[in-house]
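Okay, structure first, notes after.
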Number of protein chains: 2
Amino acid sequence: MVKITDVARRAGVSPSTVSYALSGKRPISEETRRRVETAARELGYRPHAGARALASSRSNVIALVVPLRAGIHVPVVMQFVGSVVTAARRHDHDVLLLTQEEGEEGLRRVADTALVDALILMDVQLHDPRLPLLRSLDRPTVMIGFPKEADGLTCIDLDFRTAGERCVDHLAQLGHRVVALVGSPPEVYVRGTAFAQRVVQGFTAAADRGGLVCAVHPCEATPAAARRVAERLLRDQPALTGVVVHNEPVLEPLIDAFTRLGLRVPGDLSVTAICPDELAESLRVPVTSVALPSAEVGERAVELLMEKLGGAAVPEATLLPPRLTRRASTAPRPA
Amino acid sequence: MVKITDVARRAGVSPSTVSYALSGKRPISEETRRRVETAARELGYRPHAGARALASSRSNVIALVVPLRAGIHVPVVMQFVGSVVTAARRHDHDVLLLTQEEGEEGLRRVADTALVDALILMDVQLHDPRLPLLRSLDRPTVMIGFPKEADGLTCIDLDFRTAGERCVDHLAQLGHRVVALVGSPPEVYVRGTAFAQRVVQGFTAAADRGGLVCAVHPCEATPAAARRVAERLLRDQPALTGVVVHNEPVLEPLIDAFTRLGLRVPGDLSVTAICPDELAESLRVPVTSVALPSAEVGERAVELLMEKLGGAAVPEATLLPPRLTRRASTAPRPA
DNA sequence: TTCGCCCGTCGAAGCGCTTCGACGTCACGC
DNA sequence: GCGTGACGTCGAAGCGCTTCGACGGGCGAA
């Protein structure tokens with residue numbers, strides 16, 4: 001292993017000068033810096049991560065806690081993970097992966113051992129048991145999603161409430177008067193996952209405001225469940241002409257089910273979704289949707305974290321504005 | 001921060017004794033060990049990861065390199081990631097996530113800075129450019145998948161060749177004489193991804209051996225592509241009665257397409273797949289399939305790694321035997 | 001010319017832990 | 001009764017890096 005003293009010797013300077021030359025934390029003459037850089041390059045010098053962490057009390061690693069549980073759409077999580085890793089690397093940090101199952105003990109462990117400098121949490125619940133711990137930890141944290149009581153914590157997410165509203169408003173503008181929301185699996189609501197509830201709130205509020213008749217149906221993430229929900233929907237609300245889907249895996253099966261039940265999309269039934277654009281575009285009938293900007297959320301989360309690490313104050317709440325894209329699945333209400 | 005000297009003081013022993021008592025690397029009297037453990041617990045002592053890594057030259061972190069590229073089925077990757085993290089934790093290790101995009105430079109970085117003790121690589125290509133680097137690295141490595149030239153490296157994977165064979169054999173036993181393989185997207189073959197090619201080999205070999213007529217069709221991972229492939233299949237091989245699918249996202253669309261083209265599954269057409277059991281079971285017609293045991297592969301990979309870290313010799317190749325589960329999608333060849 | 005200051009560099013002191021060698025003690029065998 | 005281990009514990013020496021204070025030399029201001 002080549003160490004800093006090796007570089008120092010080769011460059012004809014002291015180890016501390018090498019450190020300063022490479023980190024830029026003190027002014028070093030152009031000439032010396034070049035010599036140090038050359039020496040480092042030629043020797044293939046890589047500072048030992050542990051030694052650096054010990055001396056500087058910075059590990060340059062952030063923790064990312066991901067949910068691997070039922071009811072969350074895996075591709076969204078993965079896209080998110082990818083964007084966090086990429087963004088972290090841009091800031092010269094690496095990412096340590098923790099699973100939700102590790103629980104609070106896992107968070108405490110990586111924070112207290114100084115394995116990581118900061119943490120990002122996904123899948124935050126409305127009453128998340130980890131909140132007190134996060135407050136007591138001395139490390140900066142960013143949460144994806146909004147718990148009920150978030151004071152003092154930094155949160156970021158798509159503005160799901162407004163996303164729900166946008167979908168309804170869009171349908172209302174097209175003249176639809178009876179709408180339904182096909183939501184996440186029941187367990188997601190039972191857990192009190194914030195974003196799912198916010199969609200419901202937005203959906204309901206916008207429907208009320210517009211004087212629409214509305215209903216909410218949770219739905220398991222299976223094609224069979226989608227078919228059952230489709231049937232129930234038509235039975236319960238025969239006048240239904242607009243549907244909002246907030247449940248990626250059932251979006252396609254649901255549209256299929258409607259089609260099979262004799263309803264044309266968008267001829268008889270308009271469908272909008274809250275899902276990644278990629279999914280919305282890939283369907284036979286491209287679906288009008290509010291995008292789920294996982295990559296953007298991940299990126300911003302990392303940037304917030306870096307600012308906090310740098311000692312800057314950041315806003316407690318960051319709500320990414322929803323963007324609705326019209327596609328082929330919505331049309332004016334049939335006469 | 002509470003450090004080892006704090007624990008030592010409280011327990012009335014020296015720091016080294018605390019270290020030995022907690023690590024068990026030297027015999028310590030029952031009585032002393034208990035005192036140390038109590039002190040550590042009461043103070044909430046957590047050894048500083050950097051300091052430990054520096055002194056012991058072990059970081060207790062392993063790197064996991066995941067593919068975030070086109071043509072790989074995300075849920076499979078994620079399940080794999082989950083099992084690696086869980087297994088690593090059982091061995092008191094954490095997982096640092098790297099993306100394929102980081103490339104060789106990323107591997108070298110985490111290895112040379114001693115950030116990680118060992119590495120797991122997913123999505124290995126037949127002629128993977130990273131092989132020479134892995135050989136030169138001083139850290140143990142396990143690869144998921146088999147490159148062409150694997151001497152000196154440890155690999156593990158499902159036995160895809162035999163998996164392909166099993167599917168054909170199953171169809172052959174049921175009397176089918178004309179079969180087709182619907183495979184991964186073209187780019188996967190172009191890249192030379194080992195497992196995809198092995199399935200083709202197994203498929204072809206078994207068909208030849210059994211005297212079956214066979215054809216191979218790569219297929220994009222979209223429903224539209226699935227429909228096109230279904231049509232082409234029926235056009236090119238009118239006598240077709242058996243299909244093997246090795247492409248998770250198109251499995252359902254493909255069956256739908258066949259149904260729409262007037263073929264009943266399994267009445268007119270038997271379908272088998274190589275995919276996670278979960279997916280095979282979730283379809284309207286549960287599909288006879290060879291399981292993709294991602295969790296098991298991940299777990300075994302970690303165990304191999306730990307054995308190598310412990311200095312043990314491990315087999316270079318580990319092939320997990322395929323397991324075919326009969327479900328509703330295969331039946332004897334129609335008369 | 002002299003004083004003071006800043007720039008560029010060095011030396012040394014840790015960061016918190018592991019580990020090696022050493023040492024005292026006790027039990028046992030001869 | 002004494003040598004001999006084995007056992008349990010301690011002290012000290014690092015692991016490789018960052019960082020703080022100090023210092024010499026050059027330059028501008030007085």
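For the reader, a short list of remarks on this structure follows.
- Copies compared at A:GLU296 - label distances in nm, ascending, label defined 7 Å from Cα in the Cβ direction: 4.4
- Here segment B:4-47 was treated as a single set of alpha-carbon atoms; its pair distances binned every 10 Å from 0 give 35, 61, 4 percent.
- Cα-based shape type of segment B:160-292, given that a ≥ b ≥ c are square roots of the gyration tensor eigenvalues and the cut on a/c is 1.5: rounded
- B:GLU42 accessible area, 1.4 Å probe, all protein chains in place, Å² to nearest 10: 110
- Cα gyration tensor, segment B:154-216 - rounded (a/c under 1.5), prolate or oblate: oblate
- Pairs beyond 28 Å (Cα-Cα), from A:LYS25/A:LYS308; A:LYS308/B:LYS25; B:LYS25/B:LYS308; A:LYS308/B:LYS3; A:LYS148/A:LYS308; A:LYS3/B:LYS308: A:LYS308/B:LYS25
- Charges were assigned to the Cβ only: +1 to each Lys and Arg, -1 to each Asp and Glu. The resulting dipole of segment A:3-49 about its Cα centre is roughly 100 debye.
- Chain B, relative contact order in percent, only Cα pairs under 8 angstrom and at least six apart counted: 17
- Between 0 and 90°, nearest 10: helix B:74-90 axis offset from chain B longest Cα axis: 30
- Of A:LEU305, A:GLY267, A:VAL244, farthest towards positive along the dipole that unit charges on Lys, Arg, Asp, Glu beta carbons give segment A:234-305: A:GLY267
- Selection from A:GLY50, A:ALA180, A:ALA215, by position along the positive dipole direction of the protein assembly as shown (Cβ): A:GLY50
- Per-copy distances of the B:LEU43 label point, shortest first, in nm (7 angstrom along Cα→Cβ): 3.6
- Axis angle, to the nearest 10 degrees, between helix A:103-112 and the longest C-alpha principal axis of chain A: 20 degrees.
- Karplus-based coupling profile of segment B:130-137, in residue order and whole Hz: 7, 4, x, 4, 4, 5, 7, 5, with θ = phi - 60° in 6.51 cos²θ - 1.76 cosθ + 1.60 and x standing for Gly or Pro.
- Net dipole in debye of segment A:160-291 [+1 Lys, Arg Cβ; -1 Asp, Glu Cβ; about Cα centre; nearest 20]: 320
- Rounded, prolate or oblate (a/c below 1.5 giving rounded, otherwise prolate when a/b exceeds b/c) for the protein assembly as shown by Cα gyration tensor: oblate
- GNM result for chain A, Cα springs below 10 Å: residue of A:VAL285, A:VAL245, A:VAL179 fluctuating most strongly: A:VAL285
- Looking at segment A:160-291 alone, DSSP beta bridges between its own residues are antiparallel in about 0 percent of cases.
- For A:VAL61, the residues 5 or more places off, or on other chains, whose built amide H falls under 5 Å of its own are A:ASP94, A:ASP117.
- Radius of gyration (Cα atoms) of chain B, expressed as a multiple of 2.2 N^0.38 Å: 1.26.
- For A:THR318, the amide hydrogen comes within under 5 Å of the amide hydrogens of A:CYS155, A:ILE156, A:ASP157, counting only partners 5 or more places away or on other chains and with H modelled in the peptide plane.
- Gaussian network model of chain B, springs between alpha carbon atoms under 10 Å - residue of B:SER16, B:SER282, B:SER136 with greatest fluctuation: B:SER16
- Per-residue SASA entry for B:HIS48, accessible area with 1.4 Å probe, Å² rounded to 10: 30
- Dipole-positive endmost among A:HIS73, A:THR38, A:LEU97 within chain A (Cβ charges, Cα centre): A:THR38
- Cβ charges +1 (Lys, Arg) and -1 (Asp, Glu), total dipole of chain A, debye: 560
- Just checking the listed ones, B:ARG227, B:ARG260, B:ARG161: in the Gaussian network model of chain B with Cα springs under 10 Å, the one fluctuating most is B:ARG260.
- Residue order for B:TYR20, B:TYR45 - accessible surface, 1.4 angstrom probe, largest first: B:TYR20, B:TYR45
- Inter-copy label distances at B:ALA313, using a point 7 Å along Cα-to-Cβ, come to 6.5 nm with the shortest given first.
- Beta bridges from DSSP with both residues in chain A: antiparallel share about 10 percent, rounded to the nearest 5.
- On Cα atoms only, tilt of A:248-260 relative to the major axis of chain A in degrees: 20
- Computed helical MRE - 222 nm, chain B, DSSP H runs ≥ 4 contributing -39500 (n - 2.57), nearest 500: -14500 deg cm²/dmol
The values are calculated or read from the model by the stated rules, or taken from the named source; none is laboratory data. Every value quoted in this text rests on a predicted model; they were computed, and no experiment measured them. Here the Cβ is made from the backbone with ideal geometry for all residues, glycine too, and neighbour counts use every protein chain on show. Quick note on the areas: whole protein, heavy atoms, side chains included, nothing else; ligands and nucleic acids left out. Shrake-Rupley method; radii C 1.70, N 1.55, O 1.52, S 1.80 Å.
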